[in-house]
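The structure under discussion is supplied below as structure tokens; questions concerning it will follow.
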Amino acid sequence: MEYAKHERHIPVCLECGDKIRYGRTDKKFCCDECKTRHHNAMAKSGRAFRRRVLAILSKNYSVLEGLVRSGVESVDLMDLMSMGFLPSFSTSYRRNGKHDEYRCFDIKYIMTRTRIYSISKIQNFD
Ligand SMILES: [Zn+2]
């Protein structure tokens, strides 16, 4: 009984789930191999996430660029979304007076609940 009670406080390896029976009590891994494997997996999922976000931003950019090229300055959000634009992804945001100004790389636009407008290319990086 005494042993089982003690057992509960033994930390387990974040990678393989084995109990960590030696070393400092704040150790997170049972061995260096598990530590390396865990960090590699985390880095890999981080890269996959970044790749996914960049793919979304690229798609948004090509939609916006098409609009700029054809001189469209205002579009209904629903129409945009049907073109594959995802409104919750942008590269920056700022409050510009009363407006919510977003950017997708060098294209800026103002977004409301229902539409985006004033779509234009940025000339200077500021
Ligand atoms: Zn382990």
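In whole percent, what relative contact order does the stretch 31-121 give with Cα contacts below 8 Å and a gap of six or more residues?
On the way: 102 pairs, mean separation 23.5, N = 91.
For the stretch 31-121, the relative contact order is 26 percent.
Compute the angle between helix 32-69 and the longest alpha-carbon principal axis of the chain, please, reported from 0 to 90 degrees and rounded to the nearest 10.
Roughly 10 degrees between the two axes.
Of A55, G66, I10, which is farthest on the positive side of the dipole of the chain, counting Cα position, with +1 on Lys and Arg Cβ, -1 on Asp and Glu Cβ, and the Cα centre as origin?
I10
Which FRET efficiency, nearest 0.05, do R69 and A48 yield, Cβ-Cβ r, R0 41 Å?
0.85
Under 20 Å between C-alpha atoms is the cut-off here; go through the chain and count lysine pairs that meet it, provided they're at least eight residues apart or on different chains.
Eligible lysine pairs with Cα atoms under 20 Å apart amount to 12.
Scaled to the compact-protein estimate 2.2 N^0.38 Å, what is the alpha-carbon radius of gyration of the stretch 31-121, rounded to two decimal places?
Numbers: Rg = 17.5 Å, N = 91, 2.2 N^0.38 = 12.2 Å.
Relative to the 2.2 N^0.38 Å estimate, the stretch 31-121 comes out at 1.43.
Values in this text are rule-based calculations from the coordinates and carry no lab data. For clarity, every value in this text was computed on a predicted model and none was experimentally measured. Here the Cβ is made from the backbone with ideal geometry for all residues, glycine too, and neighbour counts use every protein chain on show.
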